[in-house]
Amino acid sequence: MVSQSSSVGYTITGKTADLTVVQKTTIDTLHKEGKTQKVIAKEAGCSQSSVSKHINREAKGRKRCGRKKCTSNRDNRTLERIVKQNPFKNVGEILEHFMLPAADQLYGDADFIFQQDLAPAHSAKDTSTWFKDHSIPVLNWPANSPDLNPIENLWGIVKRKMQYARPKNAEELKATIRATWALITPEQCHRLIDSMPRRIAAVIQAKGAPAKY
C-alpha cells in the first residue's frame, strides 16, 4: 500500500519497499546534517526502519567514485557559515577556501583563466582586487552575455526535475534541492563541458543572437 506524502518520495505502509534514489540521497544528506531518524523518515517520505537500514548499510560499505574529495567536512561547514553571511563581503573568502585548493588540485602549477559572470558580487571592487592580488586572470565577460556557462544548464536540469515537487516548508525545499542536485551525474557535467566548442560556434554564427543552447 502506497500513499503519496512529501515531495521527495512516498510513504510506505505495511511491507518495507525499496527506497528510490531521491529518498536515499535525502536520507544521506539529512543524516550528515545530524538530523534524527524520525525527522529524516518524515522528510524522505519513508519508514523509520527503512532509514535505519539504509544508514547502517551505507556505514558498512559506501561506494566511492574513485576521485579525491575537493572539500573536507570542515570546508563544507566553513562554506555554510560563509553563505549565511553577506555574500558581498565574503567572495574573497570563498575563493580563498574553495577555489584555490580546487584549482591547485586540477591544474597544479599550470596557468589557468577564471570564468564568472558579471553578478554584482563578482564585479565588486573587493573581488577584482582579490584576483589581482593573487595574479589570477579573469575571462572578460560581456554585459549582455548569451549565458554560455554550462552551470545554467545544470540549474535547468534541477528546475525540470523539481517541477512537480510540492515542498511544504523551507526545510523540505532545501532537502528536495539537495537531493535533486545530487542526482546530477559526472557524465552529464562532462557532456556539457564537451559542448562548449559547439556553443561558441553557434553564438558566433548567430552573431550574438540566441542559439539553441
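The values are calculated or read from the model by the stated rules, or taken from the named source; none is laboratory data. Predicted model only: the values in this text are computed from it and were never measured. Don't worry about glycine lacking a Cβ; one is built from the backbone with ideal geometry, like all the others, and counts go over all protein chains shown. Protein only, heavy atoms only, side chains kept; ligands, DNA and RNA dropped before computing areas. Shrake-Rupley method; radii C 1.70, N 1.55, O 1.52, S 1.80 Å.
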I need a count of the residues in region 162-213 that are farther than 16 Å from Ala44 by Cα and assigned to a helix (DSSP H, G or I). 19
Scan of region 143-182 for residues that are open to solvent by less than 50 Å² (accessible area, probe 1.4 Å) and either among the hydrophobic types (A, V, I, L, M, F, W, C) or touching a Lys or Arg at 6+ places or on another chain (Cβ under 7 Å) (or both), ordered by number: Leu148, Leu154, Ile157, Val158, Met162, Ala165, Ala175, Ala179, Thr180
If we keep only residues of region 23-52 that are at pLDDT 80 or above and over 20 Å from Pro167 (Cβ atoms), then the residue surrounded by the most Cβ atoms within 10 Å (Cβ to Cβ) is Ser50
List pairs: first residue in region 184-212 and under 13 Å from Pro150 (Cα atoms) and of a type in the set (Gly, Ala, Ser), second residue open to solvent by 40 Å² or more (accessible area, probe 1.4 Å) and outside any helix (DSSP H, G or I) anywhere in the structure, Cβ distance under 9 angstrom, at least six positions apart or on different chains. Ser195/Tyr213
Inter-residue pairs, beta-carbon under 7 Å, first over 21 Å from Ile113 (Cα atoms) and in contact (Cβ under 8 Å) with a residue 12 or more places away in the chain and in region 134-160, second in a loop (DSSP other than H, G, I, E, B) and of a type in the set (Val, Ile, Thr), 6+ apart: Leu154/Ile184; Ile157/Ile184
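Kindly evaluate Ala119 against the criterion of being in contact with an Asp or Glu (Cβ under 8 Å, 6 or more places away or on another chain) and either more than 30 Å from Lys35 (Cα to Cα) or not β-branched (Val, Ile, Thr) (or both).
no
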Between Leu100, Leu95, Leu118, Leu106, which is of a type outside the set (D, E, K, R), more than 30 Å from Ile40 (Cα to Cα) and part of a loop (DSSP other than H, G, I, E, B)? Leu118
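Here is a yes/no grid of residues against (1) surrounded by 12 or more Cβ atoms within 10 Å (Cβ to Cβ); (2) at pLDDT 85 or above; (3) more than 21 Å from Ala182 (Cα to Cα):
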{"residue": "Ala59", "(1), (2), (3)": "no, no, no"}
{"residue": "Thr78", "(1), (2), (3)": "yes, no, no"}
{"residue": "Ile82", "(1), (2), (3)": "yes, no, yes"}
{"residue": "Val91", "(1), (2), (3)": "yes, no, yes"}
{"residue": "Met99", "(1), (2), (3)": "yes, yes, no"}
{"residue": "Asp111", "(1), (2), (3)": "no, yes, yes"}
{"residue": "Gln116", "(1), (2), (3)": "yes, yes, yes"}
Restricted to region 183-213 and to residues being among the polar types (S, T, N, Q) and more than 28 Å from Ile27 (Cα to Cα), the residue least open to solvent (accessible area, probe 1.4 Å) is Ser195
